[in-house]
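Have a look at the structure below, then the notes.
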There are 2 protein chains.
Amino acid sequence: MAKDKSPRRPRAETPKGFRDYFGADVTERRDMLARISEVYERYGFDPLETSAVETVEALGKFLPDVDRPNEGVFGWQEADDGDKGDWLALRYDLTAPLARVAAQYRNDLPSPYRRYAMGPVWRNEKPGPGRFRQFYQCDADTVGAPSVAADAEICAMLADALEAVGIGRGDYVVKVNNRKVLNGVMEVAGVLDPSDPSKFEAERGIVLRAIDKLDRLGPDGVRALLGAGRKDESGDFTKGAGLGAEQSEVVMGFMAAMRPTGAETIERLRTLVGMSVMGGEGVCELQEITTLLAAQGYGPDRIVIDPSVVRGLGYYTGPVFEAELTFEILDEKGRKRSFGSVAGGGRYDDLVKRFTGQSVPATGVSIGVDRLLAALRAKGRAGAKAAGPVVVTVMDRDRMAEYMGMVAELRQAGIRAEMYLGNPKNFGNQLKYADKRKSPIAVIQGGDEAAKGTVVLKDLVLGAKIAEHASLEEWKDRPAQVEVPRTDLVAAVLRMLGK
Amino acid sequence: MAKDKSPRRPRAETPKGFRDYFGADVTERRDMLARISEVYERYGFDPLETSAVETVEALGKFLPDVDRPNEGVFGWQEADDGDKGDWLALRYDLTAPLARVAAQYRNDLPSPYRRYAMGPVWRNEKPGPGRFRQFYQCDADTVGAPSVAADAEICAMLADALEAVGIGRGDYVVKVNNRKVLNGVMEVAGVLDPSDPSKFEAERGIVLRAIDKLDRLGPDGVRALLGAGRKDESGDFTKGAGLGAEQSEVVMGFMAAMRPTGAETIERLRTLVGMSVMGGEGVCELQEITTLLAAQGYGPDRIVIDPSVVRGLGYYTGPVFEAELTFEILDEKGRKRSFGSVAGGGRYDDLVKRFTGQSVPATGVSIGVDRLLAALRAKGRAGAKAAGPVVVTVMDRDRMAEYMGMVAELRQAGIRAEMYLGNPKNFGNQLKYADKRKSPIAVIQGGDEAAKGTVVLKDLVLGAKIAEHASLEEWKDRPAQVEVPRTDLVAAVLRMLGK
């Protein structure tokens, strides 16, 4: 090692854009994902856990999201003789590894293959507020099923998963649309030529992304992007698709095609796609999805046809879906707005083809883990706050074994409990520690109590309430502290915990 | 992008040394870790999940395991103006990130801080059979507790965790020793000078690693390493510590100091450390740990003082512990041997000092997740094999909605179920699919059954048994197939599943 002329201590810092999760942040997510897994497994989906690291070759060099072409991956080259080592990278989503697995194990996996995956993914992008470079995804996909029954199943499963984690019926809606219908509308608008699909490809990309921004930009903003382009508040200009007024109105009509019932919406779409073969096929698929869902009892209170949903990603080829939470929250400016999207997906038929040359039909959904968890917290459904432990304080250093014995009894009764393990000299520090641990009860046994064979239980929850409402009569009669026989320790703690 | 003259398809391969986990491999580990978490939480430990990525500066450039100094990390440099970007790397264990967290949040965390962490770690080392570059660790540590009560607690918790996952009492033992006692013995042997600890440092390192290899090399092998050195079977020579015969016997006596009871072992150790102050301190600590554990009901049937345990890592400073599974398995050559170590840990007091300059006492344990899971499988305790789904077959493409309705009813009754989503034309393929899915029951409804309002349930488990034991009378009377009214579908499936 080279000698360091100015030795200094390393910085104790998370790398930029990364974060640590403590306590309830970990357990609440874990519990939510466990509930989702149960639903996925009931639907016959099997878990798959691929490694965090893939070859860059297998991942593909670029993210599919055309809106963020500069997003990269964290990559490095394997050490090897010369400069021949493979380039490796952290996965940026769970779909690319699935495509690799589906190709690699194609002779061993059941076909169709239903799998779910949950875990972190990494994006080498500029971190920003609330924008992290490692985050969780939770995906379920069916590979090898050409039938839209697979898409319908994913929509039903998504609804069940949302209810399983605590989003009540009526607080969410799964919206379904079909890219083929959109393509039919593009054909009618004259930006898709079925005999030469490569024509107008750039224009269609702009149309797609414009529709995807309807929520944010409103109809006028979308209209601008369909036409010449749009200048945003900062003065930046985004080039439009260059559609004429009449063409634009065809597309705008598509987005506004939703009607009070699914049947009416489908009729309206059938009119809009006119003579387009692909458009007609898309409408039939939407019809079939509706029928299949109705047969399973999933009506428009849970799943609706909504032509305004297109999903930004370029790779979808058929049905697309999005789960939106409809209850209201207050935004950062105190205005009410509905919570918005927490999951999305669709059919993509060409991901495996990169590896094998064969097109394999696939459809899937990805739940935004952080957003869904935020929603559960907003609704007070993220589970009871993790209970702090009962803290057994140390009054007398010579009787540590006795205190440890108390802790062991409590733990054996299933009660979360700790002995104070810091320096016991300052008793105030022990109570401060209990407070920081959100401890419900402090157990205290000094020499006097030991001689009498008793322990004192301090009700810290009640104590805090009394401190807060000192004037209220109701608290005055309730003692925040009781002395009980040592032999009654566990029973008395259970009583105080209300168990 | 440069034009590729010979375009070829990417290889669908896991990178070298990495692997994919399917189905039960994922769920069995998940269930095991969930049981361990429950125990850790009952003991007051809080979960912590740090990101996979750390700065190389925070990680430290080298692994603490001196036996494998060439083990590296997967690292890369952040893109930045010039060449100033931070070097980042994947964590190689869960202790280095804990040290960083303990320093970074030292004003916010409770002190002592009990935390547990579970997750993958990465090692950039040459992959080999059964040796992977990504694997799970499961750690629990207490930071900021100088008292050996913290060490005793970890030992008790480790015993509880092993029992919670299904290792019965008697099938494991937690062995406890103390590095201070070893240091006392080194002092007696003349390879530690308390007034100048830097003397003989290399020799002590060799002694430590020699003792750690007792299981593998036997007493003679260790003796050789304590002396001039040892030539192994391949002819490679490992330099020894250069101890004289008398010095070596002092060390060998330490390893053989175990007596039938803990009290006798402790007495023997007290004799061996002679006048060494540090050695005497270590013996007292072992005594205190025994007392604290006894007070919690943990006797020598679960936790024993065993002087042969030293743990290879250089950074331990006090008590060290190791959990060994004592039941026998057959090794690759068909010989019986005891399963061996599945967890280990100890006290390390200087990891946080790197960041803050202040020494912070810490102690912890790491469970070898893959080894423990292998042990559970060897004992048949890794949980029932994940049940395959009931498969509803598709006899008639026009009645997909009806089949999906059946699946939905089964799922709503909590039964794992699927409709066949592949091409339904070849019915044999559907049964092959059910077989690959390890499906217990296939549900069949052709046109005739539909007209009658019935379904046929094919018992695939029984069917397989009949095929296997076709001659046995007992199977002949039991029909592997029943026809039931459509309205009885769920009840009949539950009956057939034995629920």
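The values are calculated or read from the model by the stated rules, or taken from the named source; none is laboratory data. Just so it is clear, the structure is predicted and the values come from calculations on it, not from any experiment. Backbone-built Cβ (ideal geometry, glycine too); neighbour counts: all protein chains shown.
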Given the conditions (1) closer than 27 Å to A:Ala34 by Cβ; (2) of a type in the set (Ser, Thr, Tyr); (3) within 9 Å of another protein chain (Cβ to nearest Cβ), report the number of the one that A:Thr95 does not fulfil. (3)
Quick one: which residue in B:Gly368, B:Gly346 is crowded, with 24+ Cβ neighbours inside 10 Å and in the same structural domain as B:Asn177 (by TED's automatic domain parsing)? B:Gly346
Against the definition (farther than 29 Å from A:Glu153 by Cα, modelled with pLDDT of 80 or more and in contact with a Leu (Cβ under 7 Å, 6 or more places away or on another chain)), how does A:Ala52 come out, yes or no? no
1 or more residues polar (S, T, N, Q), crowded, with 18+ Cβ neighbours inside 10 Å and in the same structural domain as B:Gly340 (by TED's automatic domain parsing): qualifying helices (runs of 4 or more DSSP H) within region B:111-224: B:179-189
Being modelled with pLDDT of 85 or more, out of contact with any helix residue (DSSP H, G or I) (no Cβ under 9 Å at 6 or more places or on another chain) and not acidic (Asp, Glu) is the requirement here; does A:Ala467 meet it? no
From the list B:Val352, B:Val304, which residue is away from chain A (no Cβ under 14 Å), of a type in the set (A, V, I, L, M, F, W, C) and either on the phi < 0 side of the Ramachandran plot or in contact (Cβ under 8 Å) with a residue 24 or more places away in the chain (or both)? B:Val304
If we scan region A:246-255, do we find a residue that is within 23 Å of A:Thr291 (Cα to Cα) and under 32 Å from the mean Cα position of the chain (by Cα)? yes
For A:Glu57, the lone unmet condition from (1) at pLDDT 90 or above; (2) under 26 Å from A:Tyr116 (Cβ atoms); (3) at the interface with chain B (Cβ under 7 Å from one of its Cβ atoms) is (1)
Filtering region A:104-145 down to residues that are at the interface with chain B (Cβ under 9 Å from one of its Cβ atoms) and among the hydroxyl-bearing types (Ser, Thr, Tyr), which residue is nearest to A:Phe355 (Cα to Cα)? A:Tyr105
Name the residue, out of B:Phe254, B:Phe237, that is assigned by TED's automatic domain parsing to the domain that holds B:Val310, touching a residue at least 12 places away in the same chain (Cβ under 8 Å) and among the aromatic types (Phe, Trp, Tyr). B:Phe254
Would a scan of region A:258-268 turn up a residue that is acidic (Asp, Glu), free of Cβ contacts under 8 Å to residues at least 12 places away in the same chain and over 30 Å from A:Lys231 (Cβ atoms)? yes
Helices (runs of 4 or more DSSP H) fully within region A:321-433 counting 2 or more residues that are over 24 Å from B:Ala295 (Cα atoms): A:353-356, A:369-378
